[in-house]
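J.: Once you've had a glance at the structure underneath, I'll fire off some questions.
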Amino acid sequence: MGFQHMAFALDWQRPPRHMNQTAYWYVNTSQYRYDTFTADDVDAGTGVFAGKGVMDLLAQSVRLGWTPSYPTFNRSSLALADEADAAGLAPADYVVDQLKSGALKFAVEDPEAEENHPRILSLWRANLLGSSAKGNEYFLKHLLGTDNAVTAEQAPPDKRPTGIEWPEHVPEGKLDLLMTIDFRMTSSTLFSDVVLPAATWYEKHDLNTTDMHPFVHSFNPAISPPWQSKTDWEAWKDVAKKFSELAVDHLGTRRDVIAKPLWHDTPEAMATVHGVVKDWRLGECEPVPGKTLPVLAVAERDYTAIYDKMTSIGPLMEKVGMLTKGVPYDVKREVDILRHRNGVAHGGAGNGQPRLDTDIHMADAILHLSGTTNGHLATHGFKNVEKRTGTQLHDLAAEHEGKQITFADTQVAPVPVITSPEWSGSESGGRRYSPFTINIERKKPFHTLTGRQQFYLDHDWILGMGEALPVYRPPLNMTELFGEAALGEQNALGVSVRYLTPHNKWSIHSEYQDNLFMLSLSRGGQTIWLSDVDAEKIGVADNDWIEAVNRNGVVAARAIVSHRMPEGTVYMHHAQDRLIDVPLTETNGRRGGIHNSLTRIMMKPSHMIGGYAQFAYFFNYIGPTGNNRDEVTMIRRRANQNVEY
Ligand SMILES: Nc1nc2c(c(=O)[nH]1)N[C@H]1C(S)=C(S)[C@@H](COP(=O)(O)OP(=O)(O)OC[C@H]3O[C@@H](n4cnc5c(=O)[nH]c(N)nc54)[C@H](O)[C@@H]3O)O[C@H]1N2
Ligand SMILES: Nc1nc2c(c(=O)[nH]1)N[C@H]1C(S)=C(S)[C@@H](COP(=O)(O)OP(=O)(O)OC[C@H]3O[C@@H](n4cnc5c(=O)[nH]c(N)nc54)[C@H](O)[C@@H]3O)O[C@H]1N2
Ligand SMILES: [Mo]
């Protein structure tokens, strides 16, 4: 909670601009263009999605306020505020009028138009192009405009979405600038225009904790950041400072129209009465912000003050407090403590506010503003929940009511967290965390439509997909949907197999495997696991070089032949980078690729539902996933085992 309020600058400006990445990349890397099936092909034959593409459903989800979408409109959100002024209207009214008349569109309805492209991408603490991004080759093609191995066909006319623009030309290289902050050479830094070298965990102060892990850890420098590297905090401060300077000439102070989706744990989540979907675009209802449209909010942004705001705690914390999962928190006391601990800023936008000059200031702010590390806040939050639920809860935190974990405490030893209404588990009395303990044992209602654990889901789209109750769904038929070779088929390209990319036993994502020890103990580069039966079919011996090819891309790797793999399924562990021992392929003579070269994003319509109780958007709660598990590939032995780099 403290983390979220500080990370999204909610001490200065509300509401934040959250986004779900799956939908963002599905649209902005043009992967939707390669859906050679319609949404109708994945409903349960009910016709609920008749005549629609998956992209039509996403556009509908956006215009009904179910999911966030950026860029939001096909005109600048700053210009919209100015236009509203000129028209003498409140921005929300102006935007509603414009949307109604069709003069303004959501960008997602015309994603290939130049004004709707993403331009600048900053990657921090993620390895998008080596780890997370499903459909890696589409990223290379459409986002970066560089060499790629996509051979997929775009949707034929009868399979295209009908409700969005479909220009014949698909742009390549939408992005102007890619900046990455990392301390490793990765597949992402490799493609970046600018790489800012980061301090490692032993060169800076930082915090680490998760909800499923009952301790808060500190990071502490053993040495100062060497050479040009900087701590993450200092790197971002530099960026903010320069940005604020440039903003004097370029942006100044503007008003920004924010289209915020209907949020979970707010009355907005009750927008879809009885789960019946009504679309204002089809004349089925009126467009009403916060009900049938996103909430339309306005924020004043002084772009010259970004640095000042980043380095001090803003006044909204004292004026409005914090809100987490519908629970309000008064944090005047906490901000006052921080004012004394950190001192106050002098001059600028943060004048008189608690300072956040250093990473330790920020760490302490987070620890003071979170119930899991501040027993007073946890107890106070539980008392607020008690008023709403009528069940006793505050005793769960009361044993720690006077306890405030500080950064200095975490430096002595990892410190156990305090039970807090931010989460659903209980660590009370030294218990280990388990989700929903408070709901089960204290009868605190679940945050669902019924307030109970809910198995029956009566939303129109879920009913239409035949998933009102939990059902078995077989893997997607990739031959039917994408024209891939049928599973088990053998031809000149090898044998057709299911292609899975589970998490690696010998790394955490792309980390901890690229060191000499791990590389020496393993094969020293990327591998694909396959069964002895499949290996025999294609004449592969253990450690042979193989090539895996599908419409999304190509991978050259060494084979690990194992009877532990079932026939017909191969594993390429997530996430092996393209930097180490990745040779040129026989397929196209270029270096390639990685595990995500053979995957792509596939959006499931039921994941795009919003505005309906537990199906309501919030950061890190709900949204579409990439569904990379259903992929297939051809796999074969390389003719030439003497690979070249
Ligand atoms: N095909 C396929 N794709 C997947 C998955 C899959 O199973 N299959 N899994 C998905 C899942 S669940 C996840 S969580 C994502 C993970 O995807 P990512 O989060 O993109 O993967 P990581 O490799 O953990 O990237 C973290 C990067 O941050 C850097 N880093 C670490 N600490 C610091 C720091 O203190 N400062 C800075 N500046 N940098 C730091 C590391 O060096 C590393 O390059 O991948 C997703 N993508
Ligand atoms: N060592 C290590 N530990 C990690 C991580 C790491 O990278 N390395 N990453 C962490 C993170 S961020 C995450 S999200 C978790 C992920 O942890 P898990 O959710 O356990 O993810 P995976 O290992 O990717 O997949 C689990 C299993 O799902 C199987 N599977 C694939 N398709 C299907 C299917 O259609 N149906 C069924 N029933 N099973 C299927 C795969 O074969 C695989 O064995 O792990 C965390 N822990
Ligand atoms: Mo994950």
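The values are calculated or read from the model by the stated rules, or taken from the named source; none is laboratory data. Remember, predicted model here, so these are calculated numbers, not experimental data. Glycine also receives a Cβ, built like all others from the backbone with ideal geometry; neighbour counts cover every protein chain displayed. Accessible surface areas use protein heavy atoms only, side chains included; no ligands, DNA or RNA. Shrake-Rupley method; radii C 1.70, N 1.55, O 1.52, S 1.80 Å.
J.: Being free of Cβ contacts under 8 Å to residues at least 40 places away in the same chain and not small (Gly, Ala, Ser) narrows it down to one of 578, 558, so name that one.
T.: On the way: 578 fails: free of Cβ contacts under 8 Å to residues at least 40 places away in the same chain.
On inspection, the qualifying residue turns out to be 558.
J.: At least 2 residues that are under 27 Å from the mean Cα position of the chain (by Cα) in each: list the helices (runs of 4 or more DSSP H) lying fully within region 242-349 that qualify. Don't jump to the end; show me each part of the working.
T.: Values: elements: 306-310, 316-319, 332-342.
Passing ranges, in order: 306-310, 316-319.
J.: Considering 80, 121, 89, 129, which residue is more than 16 Å from ligand 2 (Cβ to nearest atom), surrounded by 15 or more Cβ atoms within 10 Å (Cβ to Cβ), among the hydrophobic types (A, V, I, L, M, F, W, C) and without any contact (Cβ under 8 Å) to a residue 24 or more places away in the chain? Lay out the reasoning, then the answer.
T.: On the way: 80 fails: without any contact (Cβ under 8 Å) to a residue 24 or more places away in the chain; 121 fails: without any contact (Cβ under 8 Å) to a residue 24 or more places away in the chain; 129 fails: without any contact (Cβ under 8 Å) to a residue 24 or more places away in the chain.
Result of the check over 80, 121, 89, 129: 89.
J.: Separate question: Which members of region 453-482 meet the condition of being free of Cβ contacts under 8 Å to residues at least 40 places away in the same chain, away from ligand 2 (no atom under 16 Å from the Cβ) and open to solvent by 80 Å² or more (accessible area, probe 1.4 Å)?
T.: 453, 455, 456, 469
J.: While we're here: Out of the residues in region 201-233 meeting the condition of being within 24 Å of the chain's Cα centre (by Cα), polar (S, T, N, Q) and open to solvent by 40 Å² or more (accessible area, probe 1.4 Å), tell me which one is nearest to ligand 2 (Cβ to nearest atom).
T.: 210
J.: Answer with yes or no whether residue 166 is crowded, with 20+ Cβ neighbours inside 10 Å and among the aromatic types (Phe, Trp, Tyr).
T.: Details: crowded, with 20+ Cβ neighbours inside 10 Å: no; among the aromatic types (Phe, Trp, Tyr): yes.
In short, no.
J.: Evaluate the following for residue 46: is it part of a loop (DSSP other than H, G, I, E, B), surrounded by fewer than 16 Cβ atoms within 10 Å (Cβ to Cβ) and in contact with a helix residue (DSSP H, G or I) (Cβ under 7 Å, 6 or more places away or on another chain)?
T.: Numbers: part of a loop (DSSP other than H, G, I, E, B): yes; surrounded by fewer than 16 Cβ atoms within 10 Å (Cβ to Cβ): yes; in contact with a helix residue (DSSP H, G or I) (Cβ under 7 Å, 6 or more places away or on another chain): yes.
Yes; evaluated as a whole, the condition is true for this residue.
J.: Working only within region 308-348, note down all residues that are of a type in the set (Ser, Thr, Tyr) and under 16 Å from residue 363 (Cβ atoms).
T.: If we filter region 308-348 for residues that are of a type in the set (Ser, Thr, Tyr), which is where we start, we get 311-312, 324, 329.
Matches in region 308-348: 311, 312.
J.: Got a number for residues in region 172-211 being in contact (Cβ under 8 Å) with a residue 60 or more places away in the chain and farther than 24 Å from residue 525 by Cβ? It would help to see each step written out before you state the result.
T.: Going through region 172-211, the residues in contact (Cβ under 8 Å) with a residue 60 or more places away in the chain turn out to be 174, 184-188, 190-192, 204-207, 209, 211.
Filter again for farther than 24 Å from residue 525 by Cβ, leaving 174, 204-207, 209, 211.
Qualifying residue count for the region: 7.
J.: Counting only residues that are part of a strand (DSSP E or B) and of a type in the set (Ser, Thr, Tyr), which one in region 564-593 is nearest to ligand 1 (Cβ to nearest atom)? Show your work before the answer.
T.: Step one: filter region 564-593 for residues part of a strand (DSSP E or B), giving 569-571, 574, 584, 591.
Still in the list and also of a type in the set (Ser, Thr, Tyr): 569, 571.
Values: 569: 15, 571: 11 Å.
Per the stated criteria, the residue is 571.
J.: Something else now. Looking at (1) touching a residue at least 40 places away in the same chain (Cβ under 8 Å); (2) open to solvent by 50 Å² or more (accessible area, probe 1.4 Å); (3) outside any helix (DSSP H, G or I), which is the one condition that is false for residue 402?
T.: (1)
J.: Something else now. Residues in region 496-504: is at least one within 16 Å of ligand 2 (Cβ to nearest atom), open to solvent by 50 Å² or more (accessible area, probe 1.4 Å) and touching a residue at least 40 places away in the same chain (Cβ under 8 Å)? Show your work before the answer.
T.: Of region 496-504, the ones within 16 Å of ligand 2 (Cβ to nearest atom) are 497-504.
Restricting the remaining residues to those that are open to solvent by 50 Å² or more (accessible area, probe 1.4 Å) gives 498, 503.
Those still in the list that are touching a residue at least 40 places away in the same chain (Cβ under 8 Å) too: 498, 503.
Within region 496-504, one or more residues are within 16 Å of ligand 2 (Cβ to nearest atom), open to solvent by 50 Å² or more (accessible area, probe 1.4 Å) and touching a residue at least 40 places away in the same chain (Cβ under 8 Å).
J.: Name, by its number, the condition in (1) closer than 28 Å to residue 190 by Cβ; (2) within 16 Å of ligand 2 (Cβ to nearest atom) that does not hold for residue 523.
T.: With (1) closer than 28 Å to residue 190 by Cβ; (2) within 16 Å of ligand 2 (Cβ to nearest atom) applied to residue 523, the lone miss is (2).
J.: Also, I was wondering about something else. Identify, from the list 416, 475, 445, 421, the residue that is out of contact with any helix residue (DSSP H, G or I) (no Cβ under 7 Å at 6 or more places or on another chain) and not small (Gly, Ala, Ser).
T.: Details: 475 fails: out of contact with any helix residue (DSSP H, G or I) (no Cβ under 7 Å at 6 or more places or on another chain); 445 fails: out of contact with any helix residue (DSSP H, G or I) (no Cβ under 7 Å at 6 or more places or on another chain); 421 fails: out of contact with any helix residue (DSSP H, G or I) (no Cβ under 7 Å at 6 or more places or on another chain).
Exactly one of 416, 475, 445, 421 is out of contact with any helix residue (DSSP H, G or I) (no Cβ under 7 Å at 6 or more places or on another chain) and not small (Gly, Ala, Ser), namely 416.
J.: Okay, moving on. Consider residue 300 carefully, then state whether it is open to solvent by 40 Å² or more (accessible area, probe 1.4 Å) and within 24 Å of residue 92 (Cα to Cα).
T.: yes
J.: Return the only residue of 599, 625 being modelled with pLDDT of 95 or more, within 16 Å of ligand 1 (Cβ to nearest atom) and either in a loop (DSSP other than H, G, I, E, B) or more than 30 Å from residue 63 (Cα to Cα) (or both). Please lay out each step first, then the result.
T.: On the way: 625 fails: modelled with pLDDT of 95 or more.
Selected residue: 599, the only one of 599, 625 that is modelled with pLDDT of 95 or more, within 16 Å of ligand 1 (Cβ to nearest atom) and either in a loop (DSSP other than H, G, I, E, B) or more than 30 Å from residue 63 (Cα to Cα) (or both).
J.: Moving to a separate point now. What tally of residues in region 1-43 results from selecting those that are assigned to a loop (DSSP other than H, G, I, E, B) and of a type in the set (Val, Ile, Thr)? Break it down stepwise before answering.
T.: So in region 1-43, the residues assigned to a loop (DSSP other than H, G, I, E, B) come out as 1, 8-20, 29-30, 35-38, 43.
Filter again for of a type in the set (Val, Ile, Thr), leaving 29, 36, 38.
The qualifying residues number 3.
J.: Which residue is nearest to ligand 2 (Cβ to nearest atom), if the candidates are limited to region 92-118 and must be in a helix (DSSP H, G or I) and free of Cβ contacts under 8 Å to residues at least 40 places away in the same chain?
T.: 107
J.: I'd like the full set of residues that are buried (at least 20 other Cβ atoms within 10 Å of the Cβ) and either away from ligand 2 (no atom under 16 Å from the Cβ) or over 29 Å from residue 23 (Cα atoms) (or both), limited to region 566-582.
T.: 578, 582 - these are the residues of region 566-582 that are buried (at least 20 other Cβ atoms within 10 Å of the Cβ) and either away from ligand 2 (no atom under 16 Å from the Cβ) or over 29 Å from residue 23 (Cα atoms) (or both).
J.: Somewhere in region 592-608, is a residue among the polar types (S, T, N, Q), touching a residue at least 12 places away in the same chain (Cβ under 8 Å) and touching a strand residue (DSSP E or B) at 6+ places or on another chain (Cβ under 7 Å)? Let's see the steps before the verdict.
T.: At the first step, the residues of region 592-608 found to be among the polar types (S, T, N, Q) are 596-597, 599, 606.
Checking which are touching a residue at least 12 places away in the same chain (Cβ under 8 Å) leaves us with 596-597, 599, 606.
Those still in the list that are touching a strand residue (DSSP E or B) at 6+ places or on another chain (Cβ under 7 Å) too: 597.
Yes, region 592-608 contains a residue that is among the polar types (S, T, N, Q), touching a residue at least 12 places away in the same chain (Cβ under 8 Å) and touching a strand residue (DSSP E or B) at 6+ places or on another chain (Cβ under 7 Å).
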